[in-house]
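The values are calculated or read from the model by the stated rules, or taken from the named source; none is laboratory data. None of these values were measured; they are calculated from a predicted model. Cβ coordinates were reconstructed from backbone atoms using ideal geometry, including for glycine residues, and neighbour counts include every protein chain displayed. Please note that ligands, DNA and RNA were not included when accessible areas were found on the heavy atoms of the full protein model with its side chains. Shrake-Rupley method; radii C 1.70, N 1.55, O 1.52, S 1.80 Å.
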Amino acid sequence: MMEKAGFLETAYRGVLDSSIFEKFPIHVDQTKVEALVSAYEALLRDFSPQEIEAQGKVPDAMLRRMGEAGLFGFSIAPEYGGLGLTLWEYLEVIREMARLDLSIALVSIAHLSIGVKGIQLFGTEEQKQKYLPPAASGDMIFSYALTEPHIGSDAKHIQTTAVFSEADGCYILNGQKTYITNANYAGGLTVFAQLNPDRPGHMGAFIVETHWDGVEVGADMPKMGLKASSTAAIHFKDVRVPRENLLGKPGDGFKIAMTILNYGRLGLGAAATGLMEQSVEDMVRRARTRVQFGVPIERFELIQEKIVKGRAYAFANDAMTTMTASFLEADPYRNTAMETSHVKLFGTTRAWDVLYDALQTAGGSGYLTTQPYEKRLRDFRVTTIFEGTTEIHSIYPPLFAMRRMAREAAQDPRGPWDTIKALWRRFTAPMQWSVPVTDRDLKRAARQAARNGRFLRYALLILPALYGRKVEFKEYVLRRFTTLSLYTFAILAMVARMQKDLDRGLLTDESRLLLAYMVEEMKECRRGCLKLWNTKKERIGAEIYRWVRASVSE
């Protein structure tokens, strides 16, 4: 049975779930958030980030202090020894920790966002009782082990295997994982393996302890950034995994892996927002005090543009992250594949641009290691690669929606012609995009989002008909769809947040301007996103590539 369509998927089928405008208010206990952030700040004063950067390792004493402060358990329920923060509160902590030091914070973020998340969501009560208390205390840090030497984004085709042995009721685990965050800090792993190599994607998710026979964690890899984070390969040789350490049912592994990644991508979105906000503050301070040609550089339009973009992108990204979190707070298993993909893509790419602009605004001093800019860039660079590359997230949302449509059609008991007619009626019926806002600025923005929605709705129907199975290779076209969808989601999320601010008398003129700015950027983008075929420039590019490829020796 297929899971229910998500918010954006439903919207592009013609029906906008207007209840989001009532559900958007969030409840954050700032006292809890501030206590954790203050504890992290104190740790950064007691343990020099510069020394940790040089050593490439978080000291054991600091890891213990992080555990004592609750930094390994703040999203774990109190009955298992955690602090029980809501998803919104959890993301708020990540946002603030990232501003201070992302490299050290990643030990906690990776542990909670993806490492132990599978046990929280899919574990039995016995599994939770056994593993969550040591995870919450930091006595057993967790890693998420999916990526392999030859398999990255194509996770359905991982090569690690788990073969069930009837003799002793264990799964025999063999294979190799690589680029595993927290590898040499971890006492526990969430490992994904094929249960039947002849059925790619029929996977299992397993809780594996790193001290077990046959588990070998390699040396930490030398990295460009995130040097405090442990990243290594892990080998499994005939590892006996008890049946009771299987998460969910046999075959659920891929679904579990993708569900966990929804939370990881939200965490990246929160970190991106925090770093953009910090960069904006740094740029403003620098631009006020740096004088060139007799005036502060804040007077120059190209400097102002950098600051404004940073502010607008942080505002939009925070709205998208918060809205998606509201979906998962209400239903932790909800289908948010498209929404979390958009949060990850927008947050990481825009934050990279803003971090770059912050160093540029700082000028020559920004290039020095005594300033924070170059470390932030190095630490953040990998976020456009892990948990799905920028390229994958640029084509994934429309492919996800079209594949689900194809599966629905295949399961339809009616004949193919009746199925096609039903799809056509669904996609040509009047749009039901009622946005319950009365403010003029919010209504104008919502109308622009609806224009996008109409186009995207037809594109979802036309693209498979136009290209058939080759549609997955039409990456330029798919990227245009994703870009337009991303801006649509951003505008809807901003409108929902601002409506609640308006209801409470908290809507500011700056928020109105930020919304207007993002609407204008969306309109500029839309002009180039309405083509359902490759442009002349893209076709010329394909010819150039063939020449370039032929000129490079094997």
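Out of all the residues in the range 392-410, is one or more in contact with a strand residue (DSSP E or B) (Cβ under 7 Å, 6 or more places away or on another chain) and at pLDDT 75 or above? Taking every residue of the range 392-410 in turn, none turns out to be in contact with a strand residue (DSSP E or B) (Cβ under 7 Å, 6 or more places away or on another chain) and at pLDDT 75 or above. Is it true that R444 is open to solvent by 40 Å² or more (accessible area, probe 1.4 Å), among the basic types (K, R) and within 30 Å of A314 (Cβ to Cβ)? Judged against the criteria, R444 is a match.
Kindly indicate the residue of the range 213-244 that is part of a loop (DSSP other than H, G, I, E, B) and open to solvent by 40 Å² or more (accessible area, probe 1.4 Å) and also farthest from S103 (Cα to Cα) among those meeting that condition. Even if it seems obvious, please write down each step before you answer.
Restricting attention to the range 213-244, the residues satisfying the condition of being part of a loop (DSSP other than H, G, I, E, B) are 213-214, 218-230.
Next, only the ones that are open to solvent by 40 Å² or more (accessible area, probe 1.4 Å) stay: 213, 219-224, 227.
Numbers: D213: 31, A219: 18, D220: 14, M221: 15, P222: 14, K223: 11, M224: 11, K227: 7 Å.
Applying the filter and picking the extreme gives D213.
At least 2 residues that are closer than 19 Å to A11 by Cα in each: list the helices (runs of 4 or more DSSP H) lying fully within the range 472-554 that qualify.
Details: elements: 475-503, 509-526, 536-551.
Passing ranges, in order: 475-503, 509-526.
Within the range 21-36, can one find any residue that is farther than 23 Å from F489 by Cα and among the small types (G, A, S)? So far as the range 21-36 goes, yes, one or more of its residues are farther than 23 Å from F489 by Cα and among the small types (G, A, S). Of I109, I158, all but one fail to be open to solvent by less than 30 Å² (accessible area, probe 1.4 Å) and within 20 Å of V217 (Cα to Cα); the exception is I158.
From the residues in the range 1-18 that are at pLDDT 85 or above and outside any helix (DSSP H, G or I), which one is farthest from P430 (Cα to Cα)? Let's see the steps before the verdict.
In the first step, residues of the range 1-18 are kept if they are at pLDDT 85 or above; the result is 6-18.
Okay, now just the ones that are also outside any helix (DSSP H, G or I), so 6, 12-18.
On the way: G6: 20, Y12: 12, R13: 10, G14: 7, V15: 9, L16: 12, D17: 15, S18: 16 Å.
For the range 1-18, the residue satisfying everything is G6.
Would you say I20 is open to solvent by less than 30 Å² (accessible area, probe 1.4 Å), in contact with a helix residue (DSSP H, G or I) (Cβ under 6 Å, 6 or more places away or on another chain) and within 30 Å of L486 (Cβ to Cβ)? Judged against the criteria, I20 is a match.
Listed conditions (1) farther than 29 Å from G218 by Cα; (2) part of a helix (DSSP H, G or I) are all met by L85, apart from (2). Per this entry, Q194 is counted among residues that are closer than 25 Å to L121 by Cβ, open to solvent by less than 70 Å² (accessible area, probe 1.4 Å), among the polar types (S, T, N, Q) and modelled with pLDDT of 95 or more. For first residues located in the range 57-71 and basic (K, R), partners that are in a helix (DSSP H, G or I) and lie 6+ apart or on another chain with Cβ distances below 6 Å form the pairs R65/L43.
Whether a residue is on the phi < 0 side of the Ramachandran plot, in a loop (DSSP other than H, G, I, E, B), aliphatic (A, V, I, L, M) and buried (at least 17 other Cβ atoms within 10 Å of the Cβ) was assessed, and V58 passes this test. Among the criteria (1) assigned to a helix (DSSP H, G or I); (2) under 19 Å from the mean Cα position of the chain (by Cα), the one P332 does not fulfil is (1). Count of the range 43-53 residues, restricted to those that are part of a helix (DSSP H, G or I) and open to solvent by 30 Å² or more (accessible area, probe 1.4 Å), is 5. Among what's in the range 116-160 and is among the aromatic types (F, W, Y) and in a helix (DSSP H, G or I), pick the residue that is farthest from M258 (Cα to Cα). The residue in question is Y131.
Determine whether A272 is surrounded by fewer than 23 Cβ atoms within 10 Å (Cβ to Cβ), small (G, A, S) and either in a helix (DSSP H, G or I) or at positive phi (or both). First the steps, then the outcome.
On the way: surrounded by fewer than 23 Cβ atoms within 10 Å (Cβ to Cβ): no; small (G, A, S): yes; either in a helix (DSSP H, G or I) or at positive phi (or both): yes.
No: the conditions fail for A272.
Within the range 349-385, the set of residues being hydroxyl-bearing (S, T, Y), assigned to a helix (DSSP H, G or I) and either within 21 Å of S153 (Cβ to Cβ) or open to solvent by 40 Å² or more (accessible area, probe 1.4 Å) (or both) comprises T349, Y356, Y367, T383, T384. I'd like to know if the range 132-154 contains one or more residues that are at pLDDT 95 or above, buried (at least 20 other Cβ atoms within 10 Å of the Cβ), more than 20 Å from the chain's Cα centre (by Cα) and more than 29 Å from Y80 (Cα to Cα). No: zero hits. In the range 350-366, the residues that are in contact (Cβ under 8 Å) with a residue 40 or more places away in the chain form Cβ pairs under 7 Å with partners that are open to solvent by less than 30 Å² (accessible area, probe 1.4 Å) and of a type in the set (V, I, T), at six or more places apart or across chains, as follows: T361/I303. Screening R199 against (1) open to solvent by less than 30 Å² (accessible area, probe 1.4 Å); (2) part of a loop (DSSP other than H, G, I, E, B); (3) out of contact with any helix residue (DSSP H, G or I) (no Cβ under 9 Å at 6 or more places or on another chain); (4) of a type outside the set (A, V, I, L, M) leaves a single unmet condition, (1).
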